[in-house]
Amino acid sequence: MQKMLGNKRVIAFFTLPALLVFTIVVFYPILQTLQKSFYDWDGLSEAIFTGLDNYKELFTDDLFYESLKNGLIFAGILVVFQMGLATLLMFALMNKNIPFKRFFRSSFFIPVVLSVTVACQLWSSIYDPEFGLFNNLFQALGLNYRQNWLSDMNWAIVAVAFVNVWQFTGYQFTIMYSGAKSIPEDYLEAARIDGATNMQINLKILLPMLKDTYRMCFVFAITGGFNAFAHMNLLTKGGPGTSTYTLTYMTFRSAFNVGEYGYGCASAVILVAQCLLATFIINKIFSSKEKY
Amino acid sequence: MKLKKALSIGISAAMLTGLLVPASVQAAETDEEITLSVCIHYYDDSKALADYAAEKVKEKYPNVTLEFEDFPQDGGQTLKTRAATGDLPDIFKVDGGLADVLAKSGSILELDDYYAESNYEENLPQNVIDNCLKSLDGHIYQFPIDGIPPVLWYYNKQIFEDNNIKVPENYDELMTAIKELRAIDIIPVAMFGKEPWPVGAFFDAFALKENPGGVKALSEGTSKASDEDFSKAINRIADAVEAGIFQDGVTNADYETANALFTEGKAAMFLNGSWYLSDLINNLGENGDFLETYPTADAGAEDSKYRMAGGPDTAGLAVSANTEYPEIATDVAAIFASAREEQEYSKYKLLSAPVKTENLEIEGELEDVQQKLLDIIPEITYGSKFIHTLANTKFSADMTEELQKLLVGESAEDFIKNVDKSIEKSTK
């Protein structure tokens, strides 16, 4: 084995195919997007080089800032509610006294395996202001409160984000729970013998030891928020107006609705940069020499 | 009558088979088995129409088989992608916006010569020749289908009669009707605001009363939202929205939702194209009708009575530049479009079908509401366009978004400010 790993030709032989596929499928399109962002291009005709014009226009476009803001709101909701809920569920299932763990574990994951279309159709019905579950529930409880969940310019982005929270909390939970289960039971047992409460075990042992797992969860939640597209496309089509636009949706609009592919590529480049920056910051925050 | 019918069939057959065929196409006839792909609406009545037209093609080209693909209703995205990869169907439906983009990239055939040689225009009504043939670059790229449909303001007679509410004929009466309908818990107008064109048509229903250019004039930069006439219309829309003209969640409602509200009697009025007439008859029977004029103008404003939203577009059947058989595909597209539209007029009573109708007879009796439309069609004028077919796609997207905001309570002032900003930016 040692001999084989020392042979650079062997290493190249085994890694090159994967690298080649990665380059073609991921890296080349990103480079092409970057290149096209410097062009005025409708996607079909000959592209005209315009230098930084697309970026100059982007930074003066109100829609860009609204999309950016919505991405941050979406990511914030995912971090607080999706990760928060997943953490609570993980704590609960790590508790020895909780029964039916297998049942709960599977139940939490059910929404994840649903297609986004099915989830959105379901929530579209729940949010419906005339016939939906929420407004009728308020009515049944005698509350004089009705809400246009998806047609309110201020709250639509929150309503859309919560559909994502509902659907993918189980995913975050699974990652966290798997991480928690990989912590040696001896540590937890020792803490219990020393008289630690469940809360102390959760906060002082589980959380610190799940640092790398949380790093990954943060990356998923934040970049997932910035990248959000499918839920708003199915639930609101970005509306009302532009109130549920994210940068991904803006890219889609520029390229496919308006026919400005070059401009769409520029917003896509900013999106990629934003995600890379977020990942870098998360890695910086979570990197410490302290190892568990 | 029999003689007239026989004559009309004879003329139609002659036009389809002989007169339309230019010399270049005749030369291209061959016995080789040819399969052409056709991308067009292909479900329910549209399927029967396409199959009928395919039979007509077979009469002239027994060796040509048409393979249908259902038209993807995604704003042209699929077809644009297929154009980029050189994978367009031989013949396919385009609207004005898509035709312009594909023409610019050389993805579809220019049909000027075919039109000149075949005298295809002789089969088209003058308003179609004037408004629906030439693309932005002045050339022809399609054989018109589906015609110039006006957007009609439908209403449920029974709701108005049962509740002793006057059917609105002008703006003041509309506002009164909204108030009275809301008082009995009926939605005044059902709207499918998730789609762009209905909100654009609603805007034009008000704007056209004040300015014959409607949203098209704004998109071309010849008018501004802050102009007195547009400002008046916009403020009226904002007032109607505030009074509760639409159902809750209007910007999130699709066609099925809005149609269900209207046909189940939960909404009193409904905006849709003239193609909805047969559904109206099926769903509401004699209780279904449409307003002869939009109730959005001052009382007595006769000059704007028949200005209608909707209107002309260069929509039709285009031929891919990559087709293996350009001459035959072009001729097939022409025969197909002509036969389809004649059938659409005669059998399916599409009264605005883009064909000359003097020699065509409608099968069966027209319902009163259809006769009403047939009577007013010559009076209708179109100064605007469907919002999604505007040449200024940037403005079209901005305007649709702004209109959605207006529909959920954005102030008229903010709307005017934002639309003017978009006009300035997109017409530079």
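The values are calculated or read from the model by the stated rules, or taken from the named source; none is laboratory data. Nothing here was measured: the structure is a model prediction, and the numbers come from that model. Cβ coordinates were reconstructed from backbone atoms using ideal geometry, including for glycine residues, and neighbour counts include every protein chain displayed.
Being over 17 Å from B:Phe262 (Cα atoms) and either in the same structural domain as B:Gln126 (by TED's automatic domain parsing) or touching a strand residue (DSSP E or B) at 6+ places or on another chain (Cβ under 9 Å) (or both) is the filter here; which residues of segment B:148-164 pass it? Within segment B:148-164, B:Ile148, B:Pro149, B:Pro150 qualify. Within segment B:66-75, the set of residues being surrounded by 14 or more Cβ atoms within 10 Å (Cβ to Cβ) and either modelled with pLDDT of 95 or more or among the aromatic types (Phe, Trp, Tyr) (or both) comprises B:Leu66, B:Phe68, B:Phe71. Could you tell me whether any residue of segment B:68-79 is aromatic (Phe, Trp, Tyr) and without any contact (Cβ under 8 Å) to a residue 40 or more places away in the chain? There is at least one residue in segment B:68-79 that is aromatic (Phe, Trp, Tyr) and without any contact (Cβ under 8 Å) to a residue 40 or more places away in the chain. For the structure I just gave you, tell me whether B:Gly285 is in contact with a helix residue (DSSP H, G or I) (Cβ under 7 Å, 6 or more places away or on another chain) and surrounded by fewer than 19 Cβ atoms within 10 Å (Cβ to Cβ). Spelling it out, it is not the case that B:Gly285 is in contact with a helix residue (DSSP H, G or I) (Cβ under 7 Å, 6 or more places away or on another chain) and surrounded by fewer than 19 Cβ atoms within 10 Å (Cβ to Cβ). Applying the set (1) within 15 Å of A:Pro129 (Cα to Cα); (2) within 13 Å of the chain's Cα centre (by Cα) to A:Thr169 leaves exactly one unmet item: (1).
Apart from one condition, A:Tyr55 fits all of (1) under 19 Å from A:Gln274 (Cβ atoms); (2) surrounded by 15 or more Cβ atoms within 10 Å (Cβ to Cβ); (3) within 13 Å of another protein chain (Cβ to nearest Cβ); the exception is (3). Among the residues of segment A:1-22, those identified as exposed (fewer than 10 other Cβ atoms within 10 Å of the Cβ) and modelled with pLDDT under 85 are A:Met1, A:Gln2, A:Lys3, A:Met4, A:Leu5, A:Gly6, A:Lys8.
Starting from residues that are over 18 Å from B:Met191 (Cβ atoms) and of a type in the set (Gly, Ala, Ser), keep the ones in segment A:133-160 and report whichever is nearest to the other protein chains (Cβ to nearest Cβ). Restricting to residues being over 18 Å from B:Met191 (Cβ atoms) and of a type in the set (Gly, Ala, Ser), the top hit is A:Ala159. Restricted to segment A:233-292, and to residues there that are hydrophobic (A, V, I, L, M, F, W, C) and touching a Gly at 6+ places or on another chain (Cβ under 6 Å), the residue that is modelled with the highest pLDDT is A:Leu247. Which one of B:Ile159, B:Ile165, B:Ile187, B:Ile178 is at pLDDT 95 or above, more than 25 Å from the chain's Cα centre (by Cα), within 23 Å of B:Phe246 (Cα to Cα) and within 14 Å of chain A (Cβ to nearest Cβ)? Checking each option against the conditions leaves just B:Ile187.
The residue that is nearest to the other protein chains (Cβ to nearest Cβ), counting only those in segment A:236-255 that are not in a loop (DSSP other than H, G, I, E, B) and not β-branched (Val, Ile, Thr), is A:Arg253.
Of the residues in segment B:314-335, none is over 27 Å from B:His139 (Cβ atoms), touching a residue at least 12 places away in the same chain (Cβ under 8 Å) and crowded, with 17+ Cβ neighbours inside 10 Å. Screening B:Glu169 with (1) over 28 Å from B:Ile234 (Cβ atoms); (2) surrounded by fewer than 24 Cβ atoms within 10 Å (Cβ to Cβ) gives one miss only, at (1). Considering only segment A:199-210, state which residues are in a helix (DSSP H, G or I) and either surrounded by 16 or more Cβ atoms within 10 Å (Cβ to Cβ) or modelled with pLDDT of 95 or more (or both). Correct list: A:Ile201, A:Asn202, A:Ile205, A:Leu206, A:Leu207, A:Met209.
Checking each residue in segment A:253-265 for being aromatic (Phe, Trp, Tyr) and touching a Phe, Trp or Tyr at 6+ places or on another chain (Cβ under 7 Å) picks out only A:Tyr261. Taking each residue of segment B:100-122 that is more than 9 Å from chain A (Cβ to nearest Cβ) and looking for partners that are of a type in the set (Lys, Arg) and part of a loop (DSSP other than H, G, I, E, B) with beta-carbon atoms closer than 9 Å, six or more apart or interchain, yields B:Glu122/B:Lys356.
Here is a yes/no grid of residues against (1) exposed (fewer than 13 other Cβ atoms within 10 Å of the Cβ); (2) touching a helix residue (DSSP H, G or I) at 6+ places or on another chain (Cβ under 9 Å); (3) at pLDDT below 95; (4) closer than 19 Å to A:Phe168 by Cβ:
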site: A:Phe64; (1), (2), (3), (4): no, yes, no, no
site: A:Asn70; (1), (2), (3), (4): no, yes, no, yes
site: A:Phe74; (1), (2), (3), (4): no, yes, no, yes
site: A:Met83; (1), (2), (3), (4): no, yes, no, yes
site: A:Ala86; (1), (2), (3), (4): no, yes, no, yes
site: A:Asn97; (1), (2), (3), (4): yes, yes, yes, no
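Looking across A:Ser124, A:Ser115, one residue alone is within 14 Å of chain B (Cβ to nearest Cβ) and either touching an Asp or Glu at 6+ places or on another chain (Cβ under 8 Å) or within 30 Å of B:Ala190 (Cβ to Cβ) (or both). It is A:Ser124. Listed by position, the helices (runs of 4 or more DSSP H) inside segment B:57-145 whose residues that are within 22 Å of the chain's Cα centre (by Cα) and at negative phi number at least 2 are B:77-84, B:96-104, B:126-131. Those helices (runs of 4 or more DSSP H) of segment A:84-198 in which at least 3 residues are among the basic types (Lys, Arg), considering only elements entirely within it, cover A:101-113.
Here A:Gly43 fulfils each of the conditions (1) within 14 Å of chain B (Cβ to nearest Cβ); (2) modelled with pLDDT under 90; (3) part of a helix (DSSP H, G or I) apart from (3). Could you tell me whether segment B:81-96 includes any residue that is under 30 Å from B:Phe262 (Cβ atoms) and out of contact with any Lys or Arg (no Cβ under 9 Å at 6 or more places or on another chain)? Yes: one or more hits. The residue that is nearest to A:Tyr127 (Cα to Cα), among those in segment B:245-261 that are away from every other protein chain (no Cβ under 13 Å) and in a helix (DSSP H, G or I), is B:Tyr255. When B:Glu220, B:Glu228, B:Glu242 are checked against the criterion of being out of contact with any Gly (no Cβ under 9 Å at 6 or more places or on another chain) and either away from chain A (no Cβ under 14 Å) or in contact (Cβ under 8 Å) with a residue 24 or more places away in the chain (or both), B:Glu228 stands alone in meeting it.
Taken together, A:Thr33, A:Thr23, A:Thr60 contain a single residue that is in a loop (DSSP other than H, G, I, E, B) and farther than 30 Å from A:Met176 by Cβ, which is A:Thr60.
Residue-by-condition table, conditions (1) within 14 Å of chain A (Cβ to nearest Cβ); (2) under 21 Å from B:Pro144 (Cβ atoms); (3) among the small types (Gly, Ala, Ser):
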{"site": "B:Ile40", "(1), (2), (3)": "no, yes, no"}
{"site": "B:Asn63", "(1), (2), (3)": "no, no, no"}
{"site": "B:Pro72", "(1), (2), (3)": "yes, yes, no"}
{"site": "B:Gly75", "(1), (2), (3)": "yes, yes, yes"}
{"site": "B:Leu79", "(1), (2), (3)": "yes, yes, no"}
{"site": "B:Gly86", "(1), (2), (3)": "yes, no, yes"}
{"site": "B:Pro89", "(1), (2), (3)": "no, yes, no"}
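On the stretch given as segment B:400-418, residues that are more than 10 Å from chain A (Cβ to nearest Cβ) and either polar (S, T, N, Q) or under 24 Å from B:Tyr306 (Cα atoms) (or both) total 1. Restricting attention to segment B:363-388, the residues being more than 13 Å from chain A (Cβ to nearest Cβ) and within 18 Å of B:Gly213 (Cβ to Cβ) number 7.
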